[in-house]
Structures are given as structure tokens and as C-alpha cells.
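Undergrad: Quick one: structure below, then a few questions.
The values are calculated or read from the model by the stated rules, or taken from the named source; none is laboratory data. Values in this document were obtained by computation on a predicted structure and should not be read as measured data. When we count neighbours, we look across all protein chains shown, and the Cβ atoms used for this are built from the backbone with ideal geometry, even at glycine.
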Amino acid sequence: MDTTAVLPTDDTDPFSPSVLEDPAELHARLREAGPVVHLTRHDVYALSRHEHVHAALRDWQRFQSAAGVGLSNFRYEEPWRPPSLLLEADPPHHDAPRAVLSGVLSPRALRSLRGRWFAEAEELVDQVLADDEFDAVPSLAQAFPLRVFPDAVGLPRQGRENLLPYGDHVFNAFGPDNALVARGRPGLGEVSAWINAQCRRETLDSAGFGARIWSAADRGDITHEQAPLLVRSLLTAGVDTTVHGLAAVLYAFATHPRQWDLLRRDPSLARMAFDEAVRWESPVQTFFRTALTEVEIGGTVIPDGKKILMFLGSANRDPRRWSAPDAFDLERDPSGHVGFGMGVHQCVGQHVARLEAEALVTALARRVERLELTGRPRRHLNNTLRGWESLPVRVTRT
Ligand code: OVV
């Protein structure tokens, strides 16, 4: 192996507004340039091909998470909040918290929610379809998760408006300290204080995911000191992600009427459609790892301690892995996409997200014959998340 191969470089800032607005051109350029590209703006190493992103995600031994999965390197910089026990940890410390949350959010544990969430979706869709025209982001993509998820966690009603701003800020904070991060900072003290207060046992009802995390501490599966941080993971990663995932599938259908027809003919495609939308749009665009030793990838040596930026959204549209990658297509098999990550950190909440999507999309499939945009959709910019601020739509009821 020729390890002296010249390392391609690129001085684009992947967190600039224009790239966040439309990253396709940068992704294609990085994929073509080589397996690894040095991004000089932030001195990080970019992986953009499916093969290498997938391999790095599975290799927790060399690509560590404990130094943070954002640009900030916890070896040299103080984290802005106590690190997540899941996201910002490696085995073996990662294992017990992960096992607890995997159990709490397992398909089996969600079975009792299924009927209620389908009924909630029907009720919401009925209310929203009282109008033929509405904005699908606030009315559906935000309204549905906010209607079912906080209840499932066991949160009190008061203060739930803090959930979206908190998640939005956390995902911005994985990027550089740019204007998006600055915008979230003024209100952050209050928002964080509310979030942290919801993680206490006394705040949570006795039946939700939160209470089950605390019960796991009583059993000794995790410590009582770990319980509130694990609840915090639910509140951090469980709302904005699903909002943008639902917005992705709604946008996909609003712009692909033939795919909507396919779904209406066979509503059992709803779950698969959500995964295809997660592949196609990649609501979580990027995460970093840190090289735990010198790491060699495709002839390039990344020095120990350097940050490695994995472009999930690029991997999910890599023509080396997908045929017609830019097509939203219910007839493809989207499995193997890295929109939920891969390996030991793969999204622990993915069954929750899929259940929300299945409930909402199924309710819409029953009542909506045509779904179309009535104006220009507006992006919601975030350093990590790809989503919509506004999706003005018109529906034709069945
Ligand atoms: C996957 C994810 C994103 C953001 C935060 C967390 C997890 C967390 O564990 O706090």
C-alpha cells in the first residue's frame, strides 16, 4: 500500500449556510476526490463514500466517540455540557447505558404504544385536514412527535416548548462555533435548566420511558447517578430528529406523486417509505469520530487524535453503493443506509421513530388522495440536521 499518496484537500466549510442549504455538490466533489479528503478550514478528515463511512462507523476500536462526535475535541477542549453516556462514550462504559435504553425502546416495549399512537395520528390528521391547505412542518411533522413522545417519556405538560430549541442547539453545537450556535446561546441557560429538571425521578410519571430508566438504576443495571443523563439522551435526541425525519418523508411524497400512489395502494409500505426517506434526505447529516491511533484509510494515514467527519448524507447517496441514488423510490431496498448510523452507536430510538412515521403516514394514506406543494418549501438550517422550516401543502381528500 502506497501510504505516501497525496491527500486531497478542500477548503470548503461544510457548515456554511450555502452548503447546509444544498450539500449535494460538496458531497459529489468529496466522493470523487478520494476515500479521505483533508478539510483545511477545520483541520478535519472527511469520509464521504458509503464504503468508508460504513466501515468507520463499525470500527469503534479505532474511531472513538468519547472525544466527542462533534468538531470539538474533548482531549483538548472542555465539553459544553456533561457528555452523553451513550453518544459520547465508547465500550466498555457505553455498554450498560446502551443496554438499558435498548430495552426501554425495544420493539417489544413499544408494542403497548402502537394502538394509542395510531389513534393519535388519526385524530391529528382529522383535525389538520379540516383545511385543504396548511404548513406540513408545524401541523404534522412537529405536532405529531410533540403529541406522543413527551407523554411516552412521562414528562409534565409545562415547558414542553423547550424540547425543540434544546435539541436544535445540541445538534448545532456538534458543528463549529458559527452563527447558528450563537443564535441558540442566549436562551440556553433556561432551556438547559428545564431539560435537566425533567430528568429527575420526581418530575417523571411512573409509567413512561423515564421511569423505566430509573427502575433500571434500582435494579443495578446502571447507577442512580447515570439515570438522569440517560433520560437527557431521550430528550436531546428524540424530538428534533423525528420532526425532521417526518418532514423528510412528507416532502418526499409531496414531490413524488407516483410514489404516493404506490403507498396508497399498499399502506404496508409506510415503514419502508420512512427508511427510504431517511436514506434520501439523511435528517442527521454528519457525525465526527476521533482517531484513537494512527488510522490508515485507502492509503491515507490520519494522525492520532484528529477529528474525522463522516458524511452520512453523502454515503446515503453514493452512486458506488446505490443505483439512481437521488431518486426517492419505494421499489428499492434502502437497508444498509447509514441515516441511523451503524455499529454499536446505531440509533437506539429508531423503533420509536419508525413507529411514529408508520402511524402518521398510514393515517394520511387513508385520507389523502393527492399531496402537493403550494409554494416554495423553506429549509431549516442546522449544523448537523437537514430539515424543513416550512412545507406549504395542499391535500385532496379521498
Ligand atoms: C444520537 C444523539 C444525538 C444527540 C444527543 C444524544 C444522542 C445524547 O445521547 O444526548
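Undergrad: Cβ contacts < 9 Å: first residue within 16 Å of the ligand (Cβ to nearest atom), restricted to the range 165-188; second residue modelled with pLDDT of 95 or more and of a type in the set (Asp, Glu), any location; separation 6+ or different chain. Result?
TA: 166/240; 167/240; 168/240; 170/240; 171/240; 180/168; 184/168
Undergrad: For the range 329-340, enumerate the residues that are surrounded by fewer than 21 Cβ atoms within 10 Å (Cβ to Cβ) and either within 22 Å of residue 26 (Cβ to Cβ) or modelled with pLDDT under 95 (or both).
TA: Once the filter is applied, which keeps residues that are surrounded by fewer than 21 Cβ atoms within 10 Å (Cβ to Cβ) and either within 22 Å of residue 26 (Cβ to Cβ) or modelled with pLDDT under 95 (or both), the range 329-340 yields nothing.
Undergrad: Of the numbered conditions (1) β-branched (Val, Ile, Thr); (2) over 24 Å from residue 167 (Cβ atoms); (3) crowded, with 21+ Cβ neighbours inside 10 Å, residue 293 satisfies every one except a single condition; which is it?
TA: Tallying (1) β-branched (Val, Ile, Thr); (2) over 24 Å from residue 167 (Cβ atoms); (3) crowded, with 21+ Cβ neighbours inside 10 Å, residue 293 fails exactly one: (3).
Undergrad: Do we find that residue 280 is out of contact with any Cys (no Cβ under 9 Å at 6 or more places or on another chain) and surrounded by 24 or more Cβ atoms within 10 Å (Cβ to Cβ) in this structure?
TA: Working: out of contact with any Cys (no Cβ under 9 Å at 6 or more places or on another chain): yes; surrounded by 24 or more Cβ atoms within 10 Å (Cβ to Cβ): yes.
Considered against the rule, which asks whether it is out of contact with any Cys (no Cβ under 9 Å at 6 or more places or on another chain) and surrounded by 24 or more Cβ atoms within 10 Å (Cβ to Cβ), residue 280 comes out as yes.
Undergrad: Take the conditions surrounded by fewer than 17 Cβ atoms within 10 Å (Cβ to Cβ) and either under 30 Å from residue 196 (Cα atoms) or within 16 Å of the ligand (Cβ to nearest atom) (or both) and apply them to residue 77. Does it pass?
TA: Values: surrounded by fewer than 17 Cβ atoms within 10 Å (Cβ to Cβ): yes; either under 30 Å from residue 196 (Cα atoms) or within 16 Å of the ligand (Cβ to nearest atom) (or both): yes.
Yes.
Undergrad: In the list 37, 69, 125, which residue meets the criterion of being within 16 Å of the ligand (Cβ to nearest atom), surrounded by 14 or more Cβ atoms within 10 Å (Cβ to Cβ) and among the β-branched types (Val, Ile, Thr)? Write out each step before concluding.
TA: On the way: 37 fails: within 16 Å of the ligand (Cβ to nearest atom); 125 fails: within 16 Å of the ligand (Cβ to nearest atom).
After ruling out the rest, the residue left standing is 69.
Undergrad: Let me ask you something else. Can you name every residue in the range 317-342 that is closer than 13 Å to residue 282 by Cα and among the aromatic types (Phe, Trp, Tyr)?
TA: 328, 340 - these are the residues of the range 317-342 that are closer than 13 Å to residue 282 by Cα and among the aromatic types (Phe, Trp, Tyr).
Undergrad: To continue, here is another question. Kindly indicate the residue of the range 336-360 that is touching a Ser or Thr at 6+ places or on another chain (Cβ under 6 Å) and not acidic (Asp, Glu) and also nearest to the ligand (Cβ to nearest atom) among those meeting that condition. Spell out how you get there, then give the answer.
TA: Within the range 336-360, the subset touching a Ser or Thr at 6+ places or on another chain (Cβ under 6 Å) is 339, 348, 353, 356.
Remaining after also requiring not acidic (Asp, Glu): 339, 348, 353.
Values: 339: 12, 348: 8, 353: 11 Å.
Here the answer is 348.
Undergrad: For the range 369-398, what are the residues that are within 30 Å of residue 288 (Cβ to Cβ) and out of contact with any strand residue (DSSP E or B) (no Cβ under 7 Å at 6 or more places or on another chain)? Lay out the reasoning, then the answer.
TA: Narrowing the range 369-398 to residues within 30 Å of residue 288 (Cβ to Cβ): 377-391.
Correct list: 381, 382, 383, 386.
Undergrad: Out of 65, 84, report the one residue that is within 19 Å of the chain's Cα centre (by Cα), under 26 Å from residue 335 (Cα atoms) and among the hydroxyl-bearing types (Ser, Thr, Tyr). Talk me through it step by step, then tell me what you get.
TA: On the way: 84 fails: under 26 Å from residue 335 (Cα atoms).
It is 65.
Undergrad: Report, by residue number, each residue of the range 149-183 that is over 29 Å from residue 112 (Cα atoms), in a helix (DSSP H, G or I) and acidic (Asp, Glu).
TA: 168
Undergrad: Before we move on, is residue 82 within 15 Å of the ligand (Cβ to nearest atom), assigned to a loop (DSSP other than H, G, I, E, B) and surrounded by fewer than 22 Cβ atoms within 10 Å (Cβ to Cβ)?
TA: Values: within 15 Å of the ligand (Cβ to nearest atom): yes; assigned to a loop (DSSP other than H, G, I, E, B): yes; surrounded by fewer than 22 Cβ atoms within 10 Å (Cβ to Cβ): yes.
It is true that residue 82 is within 15 Å of the ligand (Cβ to nearest atom), assigned to a loop (DSSP other than H, G, I, E, B) and surrounded by fewer than 22 Cβ atoms within 10 Å (Cβ to Cβ).
Undergrad: Related question: Confirm whether residue 209 is within 16 Å of the ligand (Cβ to nearest atom), within 26 Å of residue 278 (Cα to Cα), touching a Ser or Thr at 6+ places or on another chain (Cβ under 9 Å) and of a type in the set (Phe, Trp, Tyr). Walk me through how you get there before you give the answer.
TA: Numbers: within 16 Å of the ligand (Cβ to nearest atom): yes; within 26 Å of residue 278 (Cα to Cα): yes; touching a Ser or Thr at 6+ places or on another chain (Cβ under 9 Å): no; of a type in the set (Phe, Trp, Tyr): yes.
When the stated conditions are applied, residue 209 does not pass them.
Undergrad: Among the residues of the range 86-120, which ones are within 13 Å of the ligand (Cβ to nearest atom), under 18 Å from residue 206 (Cα atoms) and either free of Cβ contacts under 8 Å to residues at least 24 places away in the same chain or in a helix (DSSP H, G or I) (or both)?
TA: Once the filter is applied, which keeps residues that are within 13 Å of the ligand (Cβ to nearest atom), under 18 Å from residue 206 (Cα atoms) and either free of Cβ contacts under 8 Å to residues at least 24 places away in the same chain or in a helix (DSSP H, G or I) (or both), the range 86-120 yields 100, 101.
Undergrad: Continuing with this model, one more query. Counting only residues that are more than 16 Å from the ligand (Cβ to nearest atom) and part of a helix (DSSP H, G or I), which one in the range 217-249 is surrounded by the most Cβ atoms within 10 Å (Cβ to Cβ)?
TA: That would be 246.
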